[in-house]
Every structure is written in structure tokens, then in C-alpha cells.
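Input: a single structure, listed below in C-alpha cells.
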Amino acid sequence: METFFDSNDDGIGDFQGLIQKLPYLKQLGIDCLWLLPFYPSPNRDDGYDIADFTAVDPRLGTLDDFRQFLMAAKQLGIYVLIDLVVNHTSDQHPWFKSACSDRNSPYREYYIWSDYIPQGQHKTIFPGEEDNTWTWSEQTGQYYHHRFYREQPDLNIYNPKVKEEVRKIIKFWLDEGVSGFRVDAVHILIQFARPDHVNGQDHEAILDDMRRWLDECNSSAVMLAEANDDIDKLPRYFGNSDRMHLMFDFITNQHLFLALARNTAQPLREAIDILLKVPIPAGCGYVNFIRKHDELNLGKLKEDERNEVFEAFAPEEYMRIYGRGIRRRLAPMLNNDRARMEMVYSIMFCLPGTSMIRYGDELGMGEDLQLKGRESIRTVMQWSSGNNAGFSKASAEALPYPAIDKGTFSYKNINVAEQLREESFLQWMTSAIQCRQQLGATTIDKFKMLESGNESVIVFRYDEGSKRFILVHNLNDMPASYALTEDIGAVMCFFGPGILGNNRELQLGRYGYAWLKNI
Ligand code: NOJ
Ligand code: CA
């Protein structure tokens, strides 16, 4: 929000700015928006440290602006998901301030306290930036628990009063009219973190509670989990269709990058094969993505695999973060290689599940590695070659993060205005999303992975009624071919540079792809 478009030229993106840009998003083909936290926050963690769960950060607008935005989005047929961050609060939240002021505060047990630093506990999520998960609170002489920064004390989710607060937050925003929530750090939220229960079971029942509360308020609302967990643990997030509706697919994401590093389809095929064995209950599914606002997390790869991805896409130490990730956007990782960028997003659009893109990725925006930590990938949206990339008329110092103004990825080269005019990546992305709509809901029950006979090439098939789609991608920088042997009658290529010959042999150039359908 704060980096998308500034309507009043104070340097901060805001709801009114977002309203102005809704037609742009609609034109691109977006039908659902996920808003990062927009609540009052000291901004230690880019808004993920919340000081008031049911208000709008005044820098971004008012609750009325939010309502206007929601109405405008609805009119355009765009759903809105917002972030539900209830693993922790800001240390500036009145609950925590009260809890810290007195051991007898009614809010004391909203948080997790200990007289000592317990052994054998979970590690910090931000190694190098935050090295402890227990921080001493001087006022009341105890340690409090936090998996993220010390300014983000963890809520004691086992406390019925905290559960009641979470229920109220869910109800508040659903009553406002949002379509659901992206639920922050669910894999952390359910971990047991009490000093007296070092090896306690994960607290999965909270997922049942949350779903019940959600359904009670609005049975058509959805929850999308950020659950970066091991494959064998994924089923618990869906439950029996009675927990999270959706879950980001971190496994495929990381293996796709391994496949790219190796210029072969094999790691991607293996990941999809394994994932297909995880049962997906009715009404549930994955959300696929290439990059998000966080680091490219490679934590689920084996160490040598992770090193291969580092070597390929983050050769310098300063491009990496937390020992497990890369703080870069896709376009610079791929040296702005248009064919390869198209192929990567094309694969994402063809994976079973929902597709998600992040602002700026439709232009092939870059990163600013001079900024610290994850800030490198949070620079302002590049609208034009005007001042501050057309994001704001304020002075550059007033911006949350500076616009990228040097090199290939400078806003002078890469911006919306420019890309509306030419054969641009933005135009490509718009067409890809349009064609993606032809595929319909790419649910797993319609999906099959076919043998390609070539380790560089991955082939998906979807069957729906009488419709057949064959989606072919070449992950190698050498041309490849694929002989279409499937018995699906006459076919045509409706998207991609691949060329289908009369002999049903598909010719793919370097990083080529083709979306075929029966006719
Ligand atoms: C996950 C968010 O994506 C990340 O940006 C944030 O730092 C943590 N959760 C903590 O809320
Ligand atoms: Ca503003």
C-alpha cells in the first residue's frame, strides 16, 4: 500500500492512491487483491508489527477511505483479502504496554513470559537481524517470547481471552466487507512456545477455531495460509476442509528455482509429483507465486541444492539473507532475460491452483541491494519516468523507500507508461492472464503431469468436460521439441512462442513454451 501510489503527495502510498489505480489493476486482469498490513504500526517490520488491529494507519488513510476502496474494488469485481497477523502484536500495542507495566495487568497473559531463557526452543526467524527469541522486560523482570523481532511480542494464543480478541478482529473486517484473510505465519502460530512445554504438541486446534469463527461471520470468506512447512505437515493446514481454504505453495516455488538454476525440469517435476501425493480436501487448494514481499525463501531445499540456487541467482553474499534466502526480484535474478521471465511466469500460471503476482513484477521491476534486508525488494511502484517514478510528487526523502533510478531497472527504463505503449512485459503479462482465464480453475483433480521424453521439458495436462489443455515448457536455454502423442484430437496453440508443426511436433526455442487446447 505505502509503496503503490501516493494520492496526496506526502510521499506515502495510500488508499486513495490505490483507488485511483484500480482500473490499471482491472485492466491487467486482477480479480483479487491481497493487501499487506495497513494498520497503525511503528513499522519495525513493514507493518507486520501491529499496534491496533481494527484501525487504518493514518499515513495510509482513514477507515472511510478503506470503505471507499472496498466499494470501488467490488464495483470492478475485485475481491479483497487482507492480512490477519495474530501470531504477535507490536510492542507498542496497548495490550503489550499494559502487560509490561504490571505483572497483574489484565493483559499480562496475552503474552508468553518466563523467568529464565528456556532451553531447546524454536529459533528466531530473522537470524542475523534478531538473535534471541526471549527478551528481558525490565519493568516486570521477566522474559517475553517472540519468534520475529523483539518489537513483535508473540501472543499467547492458548489464552481464551486472546482467542476472543482474534475472533473479534476477524468479525470486524468481515463486517466491513473483505472477502477473507491471508493468515500470517500460520506455521509459527501453531507452534507451542511455553517455557514449561519445550516439546509440546503444535496447537493445531486454533485452526479449527479460526475457521469456525470465519464461517460464523461469512461462510463464503476464505483464509489463505502462509504455512512454509514440510510436505508431510501440509495436510494439517487444510484439515478436512475445515481449516484453511488456501495455502501458498512454497515447495513448488523453491523447486522451480532449483530447476531454473539447473536449466532442467527435473526438480520441478519431482516436487509436483510429491505434492500430488498430499491429499487436498474439497474446496481447498494452493496459491502459486514466483516472488513475494519477503526474501525468496529456500529453506525447504537441501543445503547443496540451496547453494546451487545461491550460486545461480545470488552469487554475492549481500544478495542473500538469513542464510536461507535471496533478497532479489525475479527480473534481475534472470538478467532481465525476457524469454526466461515469460517462461517462469507461464509455468506459474499453469500450475494447479490459484496464481498470484506482486506489484511491479508485471513490469519486470528490479531491486535496490543498497537498501538493508528485505527493503531491497520493497521499492516504490514504477508508474512513469517522472519524478519518484510517478509514484509521488513529494521530495524523494519523504518516500518510504527510494525509487530505483540507476541501471537497467531504473524507473526511467521500466515503468507502466512506457510499457503501455510498446510490446512490453506488461502487455505480455496482460495476455498471459487473459489466456489463463481460458484455462478456468486449474484444480488438482483435472491435472496430470505427462512424460515429456526430455529432461528440460515439463508438460501439464488439464481435462475439463470436453476441453483439453496441454501446457509445455522448456526450462533450458537450448531449443527443444515435444511430440504430442496424447489422443485429444485436433489442437491449436493459443499462447506462447512454441510452434506446432503438422506432424504434431512442438518446437520450443530457448525457454520456449506453448499452451495448446483441443478444437
Ligand atoms: C510473514 C510476513 O510475510 C513477513 O513479512 C513478516 O516479517 C512476518 N510474517 C512476521 O509477521
Ligand atoms: Ca499519501
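The values are calculated or read from the model by the stated rules, or taken from the named source; none is laboratory data. Owing to the predicted nature of the structure, the values given are computational and were not obtained by experimental measurement. Note that we place each Cβ from the backbone using ideal geometry, even for glycine, and neighbour counts take in every protein chain shown. Quick note on the areas: whole protein, heavy atoms, side chains included, nothing else; ligands and nucleic acids left out. Shrake-Rupley method; radii C 1.70, N 1.55, O 1.52, S 1.80 Å.
A few remarks follow.
- Amide proton proximity set for R468, modelled H, under 5 Å, gap of 5+: N518
- Each of N413, C493, M429 was placed along the dipole of the stretch 369-519 (beta-carbon charges, centred on the mean Cα), and the one lying farthest toward the positive end is N413.
- Sites D232 and F192, calculated FRET efficiency, Cβ-Cβ separation with R0 22 Å, nearest 0.05: 0.75
- Fully extended contour minus Cα-Cα distance, from E270 to S220, at 0.36 nm per residue: 14.6 nm
- Lys/Arg +1, Asp/Glu -1 at C-beta; the chain dipole; positive extreme among W136, L475, S7: L475
- Long-range tail of P(r) for the stretch 134-253 (Cα pairs > 21 Å, %): 44 percent
- Each peptide in 473-479, 151-157 gets a packing score, the mean of other Cβ atoms within 10 Å over its residues, and the list from highest to lowest is 151-157, 473-479.
- Interchain or long-range residues, amide H under 5 Å from R182's placed H: I82, D83, L84, L224
- Averaged over its residues, the stretch 94-145 has an accessible area of 54 Å² per residue, based on protein heavy atoms and a 1.4 Å probe.
- Amide hydrogen neighbours beyond the local backbone of S481, cut-off 5 Å, H modeled: L508
- Long-range tail of P(r) for the stretch 1-57 (Cα pairs > 17 Å, %): 44 percent
- Positive minus negative residues near V56 (Lys, Arg vs Asp, Glu; Cβ under 11 Å): -4
- Over 23 Å between alpha carbons, listed pairs K123/K168; K292/K372; K74/K517; K74/K446: K123/K168; K74/K517; K74/K446
- Counting only protein heavy atoms and a probe of 1.4 Å, the accessible surface of the chain is 47% carbon and sulfur.
- Percentage of interatomic Cα-Cα distances in the stretch 1-106 larger than 23 Å: 34 percent
- Relative contact order for the chain, counting Cα pairs under 8 Å that sit 6 or more residues apart, in percent: 11 percent
- The stretch 94-145 - convex hull of the alpha-carbon atoms, volume per residue in Å³: 88 Å³
- Using the Cβ-Cβ distance between I117 and E423 with R0 set to 60 Å, the FRET efficiency works out to roughly 0.55.
- Estimated Rh, the stretch 448-518: Kirkwood, alpha-carbon pairs, angstrom: 11.9 Å
- Dipole moment magnitude, nearest 20 debye, the chain about Cα centre, only Lys, Arg, Asp, Glu C-beta charged: 1000 debye
- Potential lengthening of the chain between L28 and D208 amounts to 61.2 nm, from the contour at 0.36 nm per residue minus the alpha-carbon distance.
- Between the Cα long axis of helix 15-28 and the first principal axis of the chain there is an angle of about 20°, rounded to the nearest 10.
- From the Kirkwood radius over Cα pairs of the chain, Stokes-Einstein at 4 °C and 1.567 mPa s returns a whole-number translational diffusion coefficient of 54 µm²/s.
- Applying the Karplus relation 6.51 cos²θ - 1.76 cosθ + 1.60 with θ = phi - 60° to the stretch 84-95 yields 3J(HN,Hα) values of 10, 10, 10, 6, 8, 10, 6, 5, 9, 5, x, 4 Hz, where x marks Gly and Pro.
- The sum of -39500 (n - 2.57) across all DSSP H runs of n ≥ 4, divided by the residue count of the chain, sets its helix-only mean residue ellipticity at 222 nm to -8500 deg cm²/dmol.
- Distance between modelled label sites at D9 and K161, nm, 7 Å Cα→Cβ extension: 4.9 nm
- The modelled label-to-label distance between A490 and S384, using points 7 Å beyond Cα along the C-beta direction, is 4.8 nm.
- Excluding ligands, DNA and RNA, the accessible surface per residue across the stretch 249-438 is 37 Å² with a 1.4 Å probe.
- Our Cα-only numbers for the stretch 249-438 put the radius of gyration and Dmax at 17.1, 53 Å.
- Average projection area in nm² (convex hull over Cα atoms of the stretch 247-304, one quarter of hull surface): 4.5 nm²
- Rounded to the nearest 10 degrees, the angle from helix 425-439 to the longest Cα principal axis of the chain is 80 degrees.
- Length gained when the stretch K97-K277 is fully extended (0.36 nm per residue, less Cα-Cα span): 60.1 nm
- Reach of K161 by Cα under 18 Å, taken over lysines that are not fewer than 8 positions away in the same chain: K97, K171
- Peptide packing: for 382-395, 243-256, 442-455, the average count of neighbouring Cβ atoms within 10 Å per residue gives the ranking 243-256, 382-395, 442-455, highest mean first.
- The calculated FRET efficiency for I519 paired with R338, based on their beta-carbon distance and R0 = 25 Å, is about 0.30.
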